[in-house]
1. For residue 22, what charge total do you get from the other residues with a beta carbon under 9 Å from its beta carbon, if Lys and Arg give +1 and Asp and Glu give -1?
2. Counting other C-beta atoms within 10 Å, and keeping those with at most 14, which DSSP coil GluC sites (Glu not before Pro) do you find in the chain?
3. Farthest toward the dipole's positive end in the stretch 4-77, which of 46, 18, 62, given Cβ charges of +1 (Lys, Arg) and -1 (Asp, Glu) about the Cα centre?
4. Would you mind ranking 1, 38 so that the residue whose beta carbon has the fewest other beta carbons within 10 Å leads the list?
5. Which is the longest run of the chain containing none of the trypsin sites (Lys or Arg not before Pro) found in DSSP loop states (not H, G, I, E, B) with at most 10 other C-beta atoms within 10 Å?
6. Convert each backbone phi in the stretch 12-24 into a coupling constant with the Karplus relation 6.51 cos²θ - 1.76 cosθ + 1.60 (shift: θ = phi - 60°), then list the ³J(HN,Hα) values in order as whole Hz, x for Gly and Pro.
7. Measuring from the lowest to the highest alpha carbon on each principal axis, how far does the chain reach, largest first, in angstroms?
8. Tell me which of 3, 35, 73 sits at the most positive position along the dipole axis of the chain, charges placed on C-beta atoms (Lys, Arg +1; Asp, Glu -1).
Amino acid sequence: MYATITTHLQTIVVERAGPVVYLTLDRPDVRNAMNMRMVEEIRDFFLSLADDRSIRCIILRGAAETFCAGADIKEMRD
């Protein structure tokens, strides 16, 4: 059994258990709609793992009931 390491960022949560990484979109109040901050955090997450050969699987999921509503249109208008 692997120890789970959890990192909470502003819009995502990253959990690692050995070779498996869970990336959770964490804006349930807006159905996990992707704003610029989330896009940056996801990009940085994948860049940080680019050379890590020990990772075998990345599971992308959404917090609460919705996976992802798409782009945060409200933020785009502002």
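1. Details: positive: 16, 61; negative: 15.
After counting each charged neighbour, the total is +1.
2. On the way: sites: 15, 40, 41, 65, 75; in loops: 65.
Filter output for the chain: 65.
3. The Cα lying farthest towards the positive end belongs to 62.
4. On the way: 1 5, 38 22.
Result, fewest neighbours first: 1, 38.
5. My reading of the result: 1-52 is the longest stretch.
6. Result, ordered by residue: 9, 10, 10, 10, 10, 10, x, x, 10, 10, 9, 10, 10 Hz.
7. Reported extents, whole Å, longest axis first: 44, 26, 17.
8. Highest projection toward the positive end goes to 3.
All of the numbers you see were taken from the coordinates with simple rules; none came from a lab. This structure is a prediction, so every number in the text was calculated from the model and none was measured. Virtual Cβ from ideal backbone geometry, glycine too; neighbours counted across all protein chains shown.
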